[in-house]
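Q: Sharing a structure with you now.
The values are calculated or read from the model by the stated rules, or taken from the named source; none is laboratory data. Owing to the predicted nature of the structure, the values given are computational and were not obtained by experimental measurement. Here the Cβ is made from the backbone with ideal geometry for all residues, glycine too, and neighbour counts use every protein chain on show.
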Amino acid sequence: MRVYNFCAGPAALPQAVLTEAQRELLSWQGKGMSVMEMSHRGLDFMAIATQAEQDLRDLLHIPENYRVLFLQGGASLQFAQIPMNLLRGKKKADYVLTGMWSAKAATEARRFAEVHVAASDEVYGYRTVPAFDTWELDTQAAYLHYTPNETIHGVEFNYIPEVSVPLVADFSSSLLSEPLDVSRFGLIYAGAQKNIGPAGLVLVIVREDLLGEVVPGTPTMMDYRVAAEQGSMYNTPPTFSWYLAGLVFRWLKHQGGLSAMAAINQRKAEALYGCIDASGGFYQNPVSKTYRSRMNVPFTLMDTSLEKVFLKDAEQQGLVNLAGHRSVGGMRASIYNAVSSEAVNALVGFMRDFQQRMG
Ligand SMILES: *Cc1c(COP(=O)(O)O)cnc(C)c1O
């Protein structure tokens, strides 16, 4: 039996995708071998890779002048790879800090760049997005980096910042959850294991004119231009993760694309926040309402001594991975694309029942 999995990552995958992968596991399309056993340079895998990129381009309407890279090292390696590639002779980069992930990205960038913090909510514990008119933008910055959805703190932008330098965004936990105007960005990246596919793969969508001028000493593997020229196959790519991401893209198309997903995700988030807000303080979410994440919903119990019981009871009902990140504690429900309305409704039902029994 499958459980309702609210893990922040690696996260739930659509059951239809897993079933298809299972059906094709031993013999992909009658070829007598698994995708895992194929040459990445053979025609079969090339077809899988090309189709995956095309489906992603269709879903996000990615303009022609953007390259899609299927890389490794997770979002965390991008924290370094971005300054290595995007400083382009400049020294400074702007960072906006709205949670642990953007703070980590800034810390890593300091190895290569003078990081200028354009805005930060750190002193208030990452509960909101600082008002845009208070941002101190550096016109000499090579780019501005921000994290549209903070997976741990549950803070999400509801707009795309308008800046004069290339905009760089860590979309690890919200890419493909709603339509996105890619043309507003210089670079978008996302680790796969939240909303895209299995771990081991990170997607980079980068505007072509930003490629080609890396920091001296940059390893070949870290040069976006090399990856772009080699079709993300300078070395052996994570073939199975790429294939599975491709199945997820196709599944998203069958669901009606990103507008359809956005509507479902909106309803799921409203149901869960609605339950928290209607609990009279029994459950609490610390984030300012305007910037609450649709993907990651952290919450605490008024009586923290009930947390262990909450998690244990939830697990007994097949609702798993609801503990908050170790750095912030409390609870967190991650409700990505693959977490169904049925799963969220089951969680809301459990939370109401739990409050009735304990409140
Ligand atoms: C999970 C996550 C990361 C780190 O991803 P890794 O693939 O483990 O490196 C970075 N940024 C955000 C927003 C995340 O959610």
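Q: Is it true that some residue in the range 323-340 is assigned to a helix (DSSP H, G or I) and in contact (Cβ under 8 Å) with a residue 12 or more places away in the chain?
A: Residues of the range 323-340 assigned to a helix (DSSP H, G or I): none.
Within the range 323-340, not a single residue is assigned to a helix (DSSP H, G or I) and in contact (Cβ under 8 Å) with a residue 12 or more places away in the chain.
Q: In addition: Name the pairs whose Cβ atoms lie under 6 Å apart, with the first residue in the range 200-222 and part of a strand (DSSP E or B), the second at pLDDT 95 or above and β-branched (Val, Ile, Thr), and 6 or more positions between them or separate chains?
A: Ile205/Val68; Ile205/Ile188
Q: Just to be sure, is Val35 more than 16 Å from the ligand (Cβ to nearest atom), of a type outside the set (Phe, Trp, Tyr) and touching a Leu at 6+ places or on another chain (Cβ under 8 Å)?
A: On the way: more than 16 Å from the ligand (Cβ to nearest atom): yes; of a type outside the set (Phe, Trp, Tyr): yes; touching a Leu at 6+ places or on another chain (Cβ under 8 Å): no.
Here the answer is no, as Val35 does not meet what is asked.
Q: Filter the range 1-23 for residues that are within 16 Å of the ligand (Cβ to nearest atom) and aromatic (Phe, Trp, Tyr) and give the result.
A: Across the range 1-23, the qualifying residue is only Phe6.
Q: Can you tell me which residue in the range 98-127 is nearest to the ligand (Cβ to nearest atom), limited to those that are buried (at least 21 other Cβ atoms within 10 Å of the Cβ) and hydroxyl-bearing (Ser, Thr, Tyr)?
A: The residue in question is Ser102.
Q: Looking at Val206, is it in the same structural domain as Phe240 (by TED's automatic domain parsing) and either more than 16 Å from the chain's Cα centre (by Cα) or over 18 Å from Ala103 (Cβ atoms) (or both)? Give the steps one after another, and end with the answer.
A: Details: in the same structural domain as Phe240 (by TED's automatic domain parsing): yes; either more than 16 Å from the chain's Cα centre (by Cα) or over 18 Å from Ala103 (Cβ atoms) (or both): yes.
Judged against the criteria, Val206 is a match.
Q: Take the residues in the range 163-177 that are over 12 Å from the mean Cα position of the chain (by Cα) and not aliphatic (A, V, I, L, M), then tell me which one is nearest to Gly257 (Cα to Cα). Walk me through it before giving the result.
A: Our first condition is that a residue be over 12 Å from the mean Cα position of the chain (by Cα); within the range 163-177, this holds for 163-168.
Pick out the ones that are also not aliphatic (A, V, I, L, M) and you get 164, 166.
On the way: Ser164: 31, Pro166: 27 Å.
For the range 163-177, the residue satisfying everything is Pro166.
Q: In the range 281-301, which residues are free of Cβ contacts under 8 Å to residues at least 60 places away in the same chain and exposed (fewer than 13 other Cβ atoms within 10 Å of the Cβ)? Can you show your working first?
A: Step one: filter the range 281-301 for residues free of Cβ contacts under 8 Å to residues at least 60 places away in the same chain, giving 281, 284, 289, 299-301.
Residues satisfying the conditions are Gly281, Lys289.
Q: Identify the single condition in (1) out of contact with any Phe, Trp or Tyr (no Cβ under 8 Å at 6 or more places or on another chain); (2) part of a helix (DSSP H, G or I) that Leu25 does not satisfy, given that it satisfies every other one.
A: It fails just one condition, (2).
Q: What's the number of the condition Arg250 fails, among (1) outside any loop (DSSP other than H, G, I, E, B); (2) under 18 Å from Glu156 (Cβ atoms); (3) not hydrophobic (A, V, I, L, M, F, W, C)?
A: (2)
Q: Considering only the range 229-252, how many residues are farther than 16 Å from Leu13 by Cβ, touching a residue at least 60 places away in the same chain (Cβ under 8 Å) and surrounded by 15 or more Cβ atoms within 10 Å (Cβ to Cβ)? Steps first, please.
A: Here is the first cut: in the range 229-252, the ones farther than 16 Å from Leu13 by Cβ are 229-237, 239.
The next check asks that each one be touching a residue at least 60 places away in the same chain (Cβ under 8 Å); those that pass are 231-233, 236-237, 239.
Then keep just the ones that are surrounded by 15 or more Cβ atoms within 10 Å (Cβ to Cβ); that gives 231-233, 237, 239.
Final tally of qualifying residues: 5.
Q: Still on this structure, please answer the following. Out of Ser334, Ser327, Ser279, which single residue is among the polar types (S, T, N, Q) and at pLDDT below 95?
A: Numbers: Ser334 fails: at pLDDT below 95; Ser279 fails: at pLDDT below 95.
Sole residue among the options that is among the polar types (S, T, N, Q) and at pLDDT below 95: Ser327.
Q: Say whether the condition of being within 26 Å of Leu258 (Cα to Cα), of a type in the set (Val, Ile, Thr) and either assigned to a loop (DSSP other than H, G, I, E, B) or in contact (Cβ under 8 Å) with a residue 24 or more places away in the chain (or both) is met by at least one residue in the range 302-320.
A: no
Q: With the structure loaded, tell me whether Ala343 is surrounded by 19 or more Cβ atoms within 10 Å (Cβ to Cβ), of a type outside the set (Asp, Glu) and under 25 Å from the mean Cα position of the chain (by Cα) or whether it fails that test. Break it down into steps so the answer makes sense when it comes.
A: Values: surrounded by 19 or more Cβ atoms within 10 Å (Cβ to Cβ): yes; of a type outside the set (Asp, Glu): yes; under 25 Å from the mean Cα position of the chain (by Cα): yes.
Here the answer is yes, as Ala343 does meet what is asked.
Q: Related question: If you check every pair at least six apart or on different chains, which have Cβ atoms under 9 Å apart with a residue in the range 106-133 that is closer than 20 Å to Val165 by Cβ and without any contact (Cβ under 8 Å) to a residue 24 or more places away in the chain first and a residue that is among the small types (Gly, Ala, Ser) and part of a helix (DSSP H, G or I) second?
A: From residues that are closer than 20 Å to Val165 by Cβ and without any contact (Cβ under 8 Å) to a residue 24 or more places away in the chain, the pairs are Val115/Ala106; Val115/Ala109; Val117/Ala106.
Q: So how many residues does the range 298-311 have that are out of contact with any Gly (no Cβ under 6 Å at 6 or more places or on another chain) and under 16 Å from Ala333 (Cβ atoms)? Can you show your working first?
A: Looking only at the range 298-311, we keep the residues that are out of contact with any Gly (no Cβ under 6 Å at 6 or more places or on another chain), and these are 299, 301, 303-311.
Subsequent filtering for residues that are under 16 Å from Ala333 (Cβ atoms) retains 299, 301, 307, 310-311.
Total meeting the criteria: 5.
Q: Residue check: is Ser293 touching a Gly at 6+ places or on another chain (Cβ under 6 Å) and polar (S, T, N, Q)?
A: Working: touching a Gly at 6+ places or on another chain (Cβ under 6 Å): yes; polar (S, T, N, Q): yes.
Against the criterion (touching a Gly at 6+ places or on another chain (Cβ under 6 Å) and polar (S, T, N, Q)), Ser293 qualifies.
Quick grid of which residues meet (1) crowded, with 20+ Cβ neighbours inside 10 Å; (2) at pLDDT 95 or above; (3) closer than 30 Å to Ala141 by Cα:
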position	(1), (2), (3)
Asp44	no, yes, no
His61	no, yes, yes
Pro83	yes, yes, yes
Lys90	no, yes, yes
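Q: Out of Val214, Val226, Val202, report the one residue that is within 19 Å of Leu176 (Cβ to Cβ), of a type in the set (Val, Ile, Thr) and buried (at least 16 other Cβ atoms within 10 Å of the Cβ). Full working, then the answer.
A: On the way: Val214 fails: within 19 Å of Leu176 (Cβ to Cβ); Val226 fails: within 19 Å of Leu176 (Cβ to Cβ).
Testing whether each residue is within 19 Å of Leu176 (Cβ to Cβ), of a type in the set (Val, Ile, Thr) and buried (at least 16 other Cβ atoms within 10 Å of the Cβ) leaves just Val202.
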